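Notes follow once the structure below has been shown.
The values are calculated or read from the model by the stated rules, or taken from the named source; none is laboratory data. None of the values given here were measured: they were computed from a predicted structure. As a convention, Cβ positions derive from the backbone with ideal geometry for all residues, glycine included, and neighbour counts pool all protein chains shown. When the accessible area is computed, the model is the full protein with side chains, heavy atoms only, and any ligands, DNA or RNA have been set aside. Shrake-Rupley method; radii C 1.70, N 1.55, O 1.52, S 1.80 Å.
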Protein chains: 2
Amino acid sequence: MATALSRTEVYSLLSLSLACCGILANTLQGDGEPLIASIAFSGLAFSCCYALIRWLGSAFMRAGFKGKDLCKLRQTEIPETMGAVCAMVYLLIIVIFIPWPFYKDIVAATSGGGNRDVMRELEQVETGRLLHKFPHNKLASYLSATLSLHTIVLLGIGDDLFDIRWRHKVLIPAIAAIPMLIVYFVDFGVTQMVVPTPLRPYLGELFDLGWLYYVYMALLSIFSSNSINILAGINGIEVAQSLVIALLIVLNDALYLCFTPYPNPATDSHLFSLYLLLPFIGVSVALLMHNWYPAKVFVGDTYCYFAGMVFAVDGILGHFSKTLILLLLPQGFNFVYSAPQLFHIVPCPRHRLPHFNARTGLLECSRVEFKKPLARPIAESLKLLHRLRMLDVETDERGDVVSSSNFTIINLWLVWFGPMREDRLALGLLALQTALGLLGLFIRHRMALLVFTQDNW
Amino acid sequence: MATALSRTEVYSLLSLSLACCGILANTLQGDGEPLIASIAFSGLAFSCCYALIRWLGSAFMRAGFKGKDLCKLRQTEIPETMGAVCAMVYLLIIVIFIPWPFYKDIVAATSGGGNRDVMRELEQVETGRLLHKFPHNKLASYLSATLSLHTIVLLGIGDDLFDIRWRHKVLIPAIAAIPMLIVYFVDFGVTQMVVPTPLRPYLGELFDLGWLYYVYMALLSIFSSNSINILAGINGIEVAQSLVIALLIVLNDALYLCFTPYPNPATDSHLFSLYLLLPFIGVSVALLMHNWYPAKVFVGDTYCYFAGMVFAVDGILGHFSKTLILLLLPQGFNFVYSAPQLFHIVPCPRHRLPHFNARTGLLECSRVEFKKPLARPIAESLKLLHRLRMLDVETDERGDVVSSSNFTIINLWLVWFGPMREDRLALGLLALQTALGLLGLFIRHRMALLVFTQDNW
């Protein structure tokens, strides 16, 4: 990989950064307009991340963060764990962004801030709450979200350094969720759930989940981070799927903001969500441009954990965790589909990424050989899956299962559509993710009224 | 190093942890008593950190975090960067601690938290603010302090991994200070300084530093972190000096809390400071027990940055930054004394740690040879320092300076008191630090009234 930026790149990044700084300077006059500032910060995040990935690549390789791309003819070593760079830029940007949504209102709402001259502020309070400005308790939520993301990045880097065992890995997002859960406990403590209409005669309108709500939030973090981490292995898929999910959430937020009248409790939540996601999109696009086929850098587990945690934090504090689960359906399917191998019901090879055929240059589905005969019920289940076209099973003359395709959605795609080049495979999966996500959002907004009395929860 | 804990260690740590859990369970009844909870959490932090240092040592060495102890006869490799383990435990503990000081009052103060049932809480508000409970805006400060510490740990690990250049290193604490500064800006925005009495006719009672106050806070972070990082090189000195400083600040806080009547604006600040420092003392003691002569682990730059940032955050948000500077006087002296070598006025060798004499087993001051003759004024200054017993300079027959002891307080100590064993050297420096610190606190409280009208700022 070229470590220096080309002249075109330098000029493009510089002009983008300057434009963003100009926009930011403009937002300082008048109300601050945090949403516009957030877009400008996302542009800055993109530029910084793009440049840093190039500049730091060789330093990462020297420090041992490097790996070979197994799906290529020439397996040169490229930098690993570049998601950590992404995450660092993101974390810095969302902290620097704080004064835009929080400043003015804080001063007004805390009746004089720390020791500020109270009288001067009271005049501003009279004029009421400023558009797009958050009340003070949102700041604690925002900071706790940032803390959770910090924690997951630290633990993710630990994982990339030390190769933590699978059963410990799973718990990383749960530990990282602690700051968010604790501040949620201290700050809101709302653990009530809206009960779907058909169940209301039995449970009432609101059902208090109590401590189970905290378990639910921790589980959502675990699911979101690990499901993105499992759907990985080919160039660009980790970053691109995260981008698709982020864009779908942004679409959902934008729809809310456009179609609901302003003073609405949901507005704040969706703005909050946008402020966290826009810079994430900025850094992810920069990373994708280096990680897309043929990859010049790898993202590392750090990125997958980080991306999953951004979604979890966003979904929980933006109060749309059920929508988030809808958007993670392909990942959820991949997890359920992988479960027989993950839980060692069926043998699991060390790598399950597709097999690269050096002669054709195409990826083929990778297979697992069963050296010991499988137990009867398992063998029959595999054959059934084969008949349903959900697996490619090979049997010997006696009808015993001798091998099958590996249990990942990536291999399943290759079973369905035959060998293809790495980028076409990634594009196919992304198209599926997008289509299912759009369908999910459609269902969520059209059908929600069937089970709930109102949509805006 | 033994990676498993001995039976005695297991029982001691387990019984300490159980005792701490018992105390914590007790604090859940009644008012919560955050100070007692904080002490219990510090005990837990000690146990976790002690065990993790032992368990993770070999994993760190496998990941390449290892180094040789240059001041020993047998230079076996031992784990490096164990300060990162310390920092992780600390960061987790201070987040889990949040509900103790913040919970009840938050609910009362935010008029019903997020969407809580407002009526129920209002009854509690009537009974007034609970002892030791913080108002809501302290939570944002506390979280921003945690964020700054997270950032410095991330950047510190980056430094340990990538060996960042000196001129970039210096800026690490400034970047890490950003979350604290931004939340300070959003939350308090107090940038006024109390003017010493003799200057009041010219400046008034309060002087508004404006943005210079933020520069001051950033500089304090840079100074605090780097000065601890520079006074390093012999077993235990980094951790032990941090412990001495932490204990002196705790003493200062305890004096305030004992001798000022309760409803006092300074009480909250000093409690805040204690809550941040007690767990720091817990993890540092665990680290010191492994890092003291003969060291079984190294602490890494991560620890030095982290410790310095804990003090900076504590001093700034606890509003006793001037006292902190007093306590850092030996580090400040070491920095000024080192400056000629740091800024390359005099040649600086790669390592300036004392020279180990394998025959006697003692440390001697290390020397820098001047291959090129020094400029006249510099040579004369060195000779003057030699005459003042502040340096050991060697001259040839023509009177030209050919070598001198290295410019660190550690080497100066060896110049003054002759060769000695590594632990005696560390103890001597620590005694100096303690004595100067106590003197500083005495001066600060006895003399403050000479230049300020009241002591409690």
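Quick rundown of the values:
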quantity	calculated
Segment A:355-420: C-alpha gyration tensor shape, a/c 1.5 cut-off, then a/b vs b/c	prolate
For the protein assembly as shown, size of Cβ-based charge dipole, Lys and Arg +1, Asp and Glu -1, in debye	2140
Probe 1.4 Å, all protein chains present, accessible-area order of B:Lys372, A:Lys371, B:Lys72, largest first	A:Lys371, B:Lys372, B:Lys72
Nearest 10 degrees, 0 to 90: helix B:265-291 Cα axis against chain B principal axis	50
Solvent-accessible ranking of A:Arg387, A:Arg165, largest area first, probe 1.4 Å	A:Arg387, A:Arg165
Inter-chain Cβ neighbour average for residues B:156-163, partner chain, 10 Å	4
Distance (nanometres) between label positions extended 7 Å along Cα→Cβ at B:Ile36 and A:Ile443	5.3
For chain B, alpha-carbon Rg and Dmax in angstrom	24.0, 90
For B:Val313, solvent-accessible area (1.4 Å; no DNA, RNA or ligand), Å²	0
Relative contact order, percent, segment A:355-420 [alpha-carbon distance under 8 Å, six or more residues apart]	39
Test item: B:60-71 mean partner chain Cβ contacts at 10 Å	1
Within segment A:282-440: Cβ-based charge dipole about Cα centre, in debye rounded to nearest 20 (Lys, Arg +1; Asp, Glu -1)	100
Chain A: angle of helix A:7-28 to the longest principal axis, Cα-based, in degrees nearest 10	30
Per-residue mean of C-beta atoms belonging to partner chains within 10 Å, peptide A:91-99	4
Distance between segment A:399-415 and segment A:152-209 - C-alpha centres, whole angstrom	34
Per-selection Kirkwood Rh - segment A:313-457 (Cα, Å, 1 d.p.)	17.5
FRET efficiency for B:Leu171 and B:Leu384, using Cβ-Cβ distance with R0 set to 25 Å, rounded to 0.05	0.15
Gyration tensor (alpha-carbon) shape descriptor, the protein assembly as shown, a/c threshold 1.5	oblate
Virtual spin-label span in nm between A:Trp416 and B:His351, 7 Å along Cα→Cβ	6.1
Amide proton proximity set for B:Lys66, modelled H, under 5 Å, gap of 5+	B:Glu80
Relative contact order [Cα under 8 Å, 6+ residues apart], chain A, whole percent	18
Nearest-0.05 FRET efficiency for B:Lys371 and A:Ala25, computed from C-beta distance (R0 41 Å)	0.20
The protein assembly as shown, helix-only ellipticity at 222 nm - DSSP H runs n ≥ 4, -39,500 (n - 2.57), divided by all residues, nearest 500	-21500 deg cm²/dmol
B:Arg352 accessible area, 1.4 Å probe, all protein chains in place, Å² to nearest 10	40
Sequence of B:Cys20, B:Cys365 when ordered by accessible area, the most exposed leading, probe 1.4 angstrom	B:Cys365, B:Cys20
Chain B, dipole about Cα centre (Lys/Arg Cβ +1, Asp/Glu Cβ -1), debye to the nearest 20	1160
Carbon plus sulfur fraction of accessible area for segment B:355-420, probe 1.4 Å, in percent	56
Helix B:329-342 vs. chain B, principal-axis angle (Cα, 0 to 90°, nearest 10)	40
